Amino acid sequence: MEKGSRQVIVSALQFACTDHVPTNLATAERLVRAAHAKGANIILIQELFEGYYFCQAQREDFFKRAKPYKDHPTIKRMQELAKELSVVLPVSFFEEANNAHFNSIAIIDADGTDLGLYRKSHIPDGPGYQEKFYFNPGDTGFKVFQTKFAKIGVAICWDQWFPEAARCMALQGAEILFYPTAIGSEPQDEGLDSREHWQRVMQGHAGANVVPLVASNRIGKENIETEHGKSEITFYGNSFIAGPTGEIVAAANDKDEAVLIAQFDLDKIKSKRSCWGLFRDRRPDLYKVLLTLDGSKPSP
């Protein structure tokens, strides 16, 4: 490696889930191995990949899918895999914490160490995406994790629509942003397709913070029996990796399993980020209105 160059190879995985945990874990592991074979150092698996996206329905029995963070079997399996391959793996799961429930992600370092937990902060509630029934709002705050290869910020799906979340992670030193995702069609409106909007918003996060960004989404049709009959979502994939100016450097389609790969020089990007002046010229003293819900002037 040349002096003043810190290279990292990131990957986004994309696949269709079944509602059988062992099958999905086997698929995730197969694709992690494929990404590793292509040189990947940090590999992102999609949101809640253990099964179907169950939040299409409000069902009491679906709470049985949650498990405690400690000794979680999927996390333990991914720790073993990360250690074997010397890769970093953010692992999404449905967390039970006493009487609370969270949409959470554990960050596994390349030696298998669990670096800690992030709990999804923004919880959506709409047709087909009824997450407020299951998940408490996350209480960890936005976090960054020092991994073997880079300091990374990891948020979850609906978080990706909020520029404040990306900026908070960047301010804490995140060199790359990661967003595991489950998004697709809207059951209440067959004509609504958010994929380009979804992608452009995250490209903006990358460009506004001068950091690469990795988004992993699922594909396939998933049918769930709800309290009002059957609900179906077609997940639109389009997983992608954006560079530090928001440019798309790798992208999947809306139907096929994918292992995306991109390489970045973190030292070169750091230099670009410093000289561009976006963080130098910030005015936090003027941003207090962000602490309000209605845009009113906050109290001194």
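Say whether the condition of being touching a residue at least 60 places away in the same chain (Cβ under 8 Å) and either open to solvent by 40 Å² or more (accessible area, probe 1.4 Å) or touching a helix residue (DSSP H, G or I) at 6+ places or on another chain (Cβ under 7 Å) (or both) is met by at least one residue in the range 193-206. No; the residues of the range 193-206 include none that is touching a residue at least 60 places away in the same chain (Cβ under 8 Å) and either open to solvent by 40 Å² or more (accessible area, probe 1.4 Å) or touching a helix residue (DSSP H, G or I) at 6+ places or on another chain (Cβ under 7 Å) (or both).
Residues in the range 221-239 that are open to solvent by less than 30 Å² (accessible area, probe 1.4 Å) and touching a residue at least 60 places away in the same chain (Cβ under 8 Å): Glu222, Ile224, Thr226, Ser231, Ile233, Phe235, Gly237, Ser239. Given the condition closer than 15 Å to Gly207 by Cα, under 19 Å from the mean Cα position of the chain (by Cα) and open to solvent by less than 90 Å² (accessible area, probe 1.4 Å), answer yes or no: does some residue in the range 249-262 qualify? Yes; the residues of the range 249-262 include at least one that is closer than 15 Å to Gly207 by Cα, under 19 Å from the mean Cα position of the chain (by Cα) and open to solvent by less than 90 Å² (accessible area, probe 1.4 Å).
Among the residues of the range 273-300, those that are of a type in the set (D, E, K, R) and either loosely packed, with under 13 Cβ neighbours inside 10 Å or in a loop (DSSP other than H, G, I, E, B) (or both) comprise Arg280, Asp281, Arg282, Arg283, Asp285, Lys288, Asp294, Lys297. Within the range 77-88, being buried (at least 24 other Cβ atoms within 10 Å of the Cβ) and within 26 Å of Phe62 (Cα to Cα) holds for one residue alone: Met78. For first residues located in the range 3-22 and closer than 18 Å to Ile176 by Cα, partners that are among the hydroxyl-bearing types (Ser, Thr, Tyr) and outside any loop (DSSP other than H, G, I, E, B) and lie 6+ apart or on another chain with Cβ distances below 7 Å form the pairs Ala12/Ser216; Leu13/Ser216.
Restricted to strands (runs of 3 or more DSSP E) entirely inside the range 1-116, no element has at least 3 residues that are farther than 26 Å from Gln130 by Cβ and among the small types (Gly, Ala, Ser). On inspection, Gly229 passes the criterion of being closer than 26 Å to Arg59 by Cβ and out of contact with any Asp or Glu (no Cβ under 6 Å at 6 or more places or on another chain).
The values are calculated or read from the model by the stated rules, or taken from the named source; none is laboratory data. Source: prediction; values computed, not measured. Reconstructed Cβ throughout: ideal geometry from the backbone, glycine too, with neighbour counts over all protein chains shown. SASA here: full protein model, heavy atoms, side chains in, ligands and nucleic acids out. Shrake-Rupley method; radii C 1.70, N 1.55, O 1.52, S 1.80 Å.
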